[in-house]
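Note sheet for the following structure.
Taken together, the values in this text are just the output of simple stated rules run on the coordinates, not laboratory data. For clarity, every value in this text was computed on a predicted model and none was experimentally measured. Every residue, glycine among them, receives a Cβ derived from its backbone with ideal geometry; neighbour counts consider all protein chains shown.
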Amino acid sequence: MGWVGARLRAAAKVCGVELHVAKSGSDTAEGTAAAPLLTIGAAAALAQPGDTVIVHEGVYREWVNPPRGGTAAAPITYQAALGADGRYEPVTISGAEVVADWRPHAGSAWVTTVPNTLFGEHHPYVERIGGDWFFDQVNTWHTGEVYLDGKSMYESLTLAGVERPAATEDSFDQAGSLLTWYCEAGEDTTTIWANFGGADPAAHEIEINARKFVFWPAATGIDYITVRGLTLTKAATQWAPPTALQEGLIGPHWSKGWVIEDNTITDSKNVGVSLGKEASTGQNEWTAGERGDKGGTQREREVIQRALALRGPDAGEPQPWHRDHVGSHTVRRNTIRDCEQAGVVGHLGAAFSTIADNHISRIHVKRQWHGAEVAGIKLHAAIDTVISGNTIHHTHRALWLDWQAQGTLVRRNTFYASTAEDFMVEVCHGPYLVDSNLFLSPWSVKDMATGGAYVHNYFAGRIANCTEHQRYTPYHLPHSTAVYGVSNILGGDDRFFNNVFVGDGDGDGDGGGRAEPETGSEPVLASFWSGAIDIDGVPGQAAFVPTPVGTSQYDAYPTPGEYPNERGSALAGPRLPVRIEGNLYADGAEPFRAEPSPLVVKTAPVRVEVHDAAAGTVRIEIIEPAALAAVAAVTTERLGISYQAEMGYTHPDGSDLDLSEDFTGRPRDEAVPGPFAASAPGTLILTAPGPDRRS
């Protein structure tokens, strides 16, 4: 038995009973190992705090809608059964149904007709994707999907696009985009045409989306649920903006204390894991409401105030946004892939949570539509949220913190093959810490915020910075959801300490070791790297002047010594100072104009490169450790306090930061630039985390 199996079996015996579910079972059975239930939903109806639902091998086509949660001391756990080797049995919960009755149509196209009773309350081939911050306002795409042997196909807007398919220009998979489908929904039946690329559907498994959710409580306040060791797949989720109910294939739906771990989560039409907001605080009032005179930014401010003012379940309403009621979730060791909006999303509900050691990839790779909420992880109001140890690649944006990142820790993550950038931070006031990460895409950071501390990172791409004087966003009392004030983004108040910046050696500063996403053999959006100045997905004017890899992007900002002489307009205010010290610049990377004693070298003493792009492994080579001269250590005291929230850089519990370990967990005997405690030359291959990496 593996250590994971031993640990989980011991934990399951602490309290409560085990309810077993198996494909050989019956929903009239007792739910014992000898007499299992047939559906997970039947077990959920029986499960009480402290109980564990054990699901045995098989494919379960249902929406698990837990009617109750557990407590902090006695959660309700749903997990795959453990085999004799201590590993999870293969258990899949699917929101799709198999369709076998396909008839030839024309050429290589086929057609089927299914009864609308298959879909229940939500009809995926009637419901169209749309909402606030969704760019394709034509609203032609459906939440439904067709799958050929588990691989999602591409919706066509016309039947001709199935009969004579054309490739989706921006898709990561040009050949795959020729597998198309089209639908027409009638009063009683829905007809679907599909082009399987010459394959006979009778020899393959063809599935269609039938359910909106896979594991999702219809009610709010279903607290303390653990979901472990399952494959969760194929959901007809809607677009999930911060100003509407944020649907996900799996999620707690405005609850507290969920643990989502060791799962494989795939093929949500929009979002894989949602930690986000519920519907009563706003539901697309910007684009779908009766009044269109208020902008999206104002509607989002209203959402926050409504969430703080919720009355709670005694009034038949969700609990208010407070750490006692919402958030504090853990999402760890999951593989999350093939979702077209985001792997993980959350407005308000991700506060006080931990998102760690996940492998997130292939997010927004079909590229049939676009919007402002697209990323591997996209969070609003990530208050005291820890994002650590994740590998995120082949996405649009890897990580996007938007509004109210405060007390947030971004630590020891690996980012590459992002078509926009690895990390976007937008209209946040901090403090937030970004330490010991690997930024390997052509653009590392888009900084439209203040209060960031970037420490011991490896940057192989450029940084972009701009102010935002038009939008006023909240900041909070320390470690709290209570709003302290609102402000625009003056720019500055950032710290860059002890980082390594690696250009490409040709003088333009484009990063060393970077990994560009590809479609076939051609880079996606190649023109974006050539000097475009607009930040896509951002409202209003968000522009910057490109500079080489390094910190020269901040040359227009004052140092702390120069700041007393800074003058600003009465409405905008002055630019805030930046502190940039102890960084190493190699292969053409350029330092901030006033950095004291930057270490500029011709060749990088450490190189990080993608080793196996699909598997998420990177190769780290320490070439010349002696060149990584000792620099001043970074502490909570040295980082000071952020300008707006007047809050120090600490752990979420308020304790001082501990930066004594490097990216790999080795102790830093002394501080050197970059993520690694370099002691001797050597090479290391690091593999992405996830449920398939357990030992």
Per the charge dipole of the stretch 381-695 (beta-carbon charges, Lys/Arg positive, Asp/Glu negative, Cα centre), the residue among Pro548, Val455, Val610 reaching farthest to the positive end is Val455
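Taking the Cα centre of the stretch 381-695 as origin and charging only Cβ (+1 Lys, Arg; -1 Asp, Glu), how large is the dipole, in debye to the nearest 20? Working shown, then result.
On the way: 20 positive and 40 negative charges, 61 e Å.
Rounded to the nearest 20 debye, it is 300 debye.
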Taking only DSSP H segments of four or more residues, each worth -39500 (n - 2.57), what value at 222 nm results for the chain once the sum is divided by all its residues, to the nearest 500 deg cm²/dmol? -1500 deg cm²/dmol
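Within the stretch 230-312, which GluC sites (Glu not before Pro) sit in a loop by DSSP and count at most 15 neighbouring Cβ atoms inside 10 Å?
On the way: sites: Glu247, Glu261, Glu278, Glu285, Glu290, Glu300, Glu302; in loops: Glu247, Glu278, Glu285, Glu290.
Taking the stretch 230-312 and a limit of 15 other Cβ atoms within 10 Å, the loop GluC sites (Glu not before Pro) found are Glu290.
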What is the Cα centroid distance between the stretch 256-307 and the stretch 194-244, reported in whole angstrom? 18 Å
Please enumerate, by chain and number, the lysines with C-alpha under 22 Å from the C-alpha of Lys23, excluding those fewer than 8 residues away in the same chain. Lys234
Cα-based helix-to-principal-axis angle, 3-12 vs the chain, degrees rounded to 10: 60 degrees
Separation of the Glu661 and Ala315 label points, Cα + 7 Å toward Cβ, nm: 4.4 nm
I'd like the distance between the alpha-carbon centres of the stretch 662-694 and the stretch 44-63, rounded to an integer number of Å. 39 Å
If neighbour count is taken as other Cβ atoms inside 10 Å, put Ile355, Ile623 in order from fewest to most. Ile623, Ile355
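Taking the DSSP beta bridges in the chain as the whole, what percent of them are antiparallel, to the nearest 5? Intermediate values should be presented prior to the final figure.
Working: 48 of 159 bridges.
Roughly 30 percent of the DSSP beta bridges within the chain come out antiparallel.
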In debye to the nearest 20, the charge dipole size for the chain, taken about the Cα centre with +1 at each Lys and Arg Cβ and -1 at each Asp and Glu Cβ, equals 1000 debye
What is the antiparallel percent of DSSP beta bridges lying wholly in the stretch 381-695, to the nearest 5? 35 percent
The helix 296-309 Cα axis meets the longest alpha-carbon principal axis of the chain at an angle in degrees, between 0 and 90 and rounded to 10, of 80 degrees
Between Ala482 and Glu187, with labels modelled 7 Å along Cα→Cβ, what's the label distance in nm to one decimal, could you check? 5.9 nm
Simple SL model, points at 7 angstrom along Cα→Cβ for Val138 and Thr32; separation in nm is 6.1 nm
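Over the stretch 96-209, what is the mean sequence separation of C-alpha contacts under 8 Å (at least six apart), divided by residue count, expressed as relative contact order in percent? List each step's numbers first, then the result.
Numbers: 207 pairs, mean separation 42.7, N = 114.
Relative CO of the stretch 96-209 lands at 37 percent.
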With r as the distance between the Cβ atoms of Ala72 and Leu46 and R0 = 25 Å, compute the FRET efficiency 1/(1 + (r/R0)^6) and round to 0.05. 0.70
Pairs Lys212/Lys366; Lys366/Lys602; Lys212/Lys378; Lys277/Lys366: which are spaced more than 29 Å apart, C-alpha to C-alpha? Lys366/Lys602
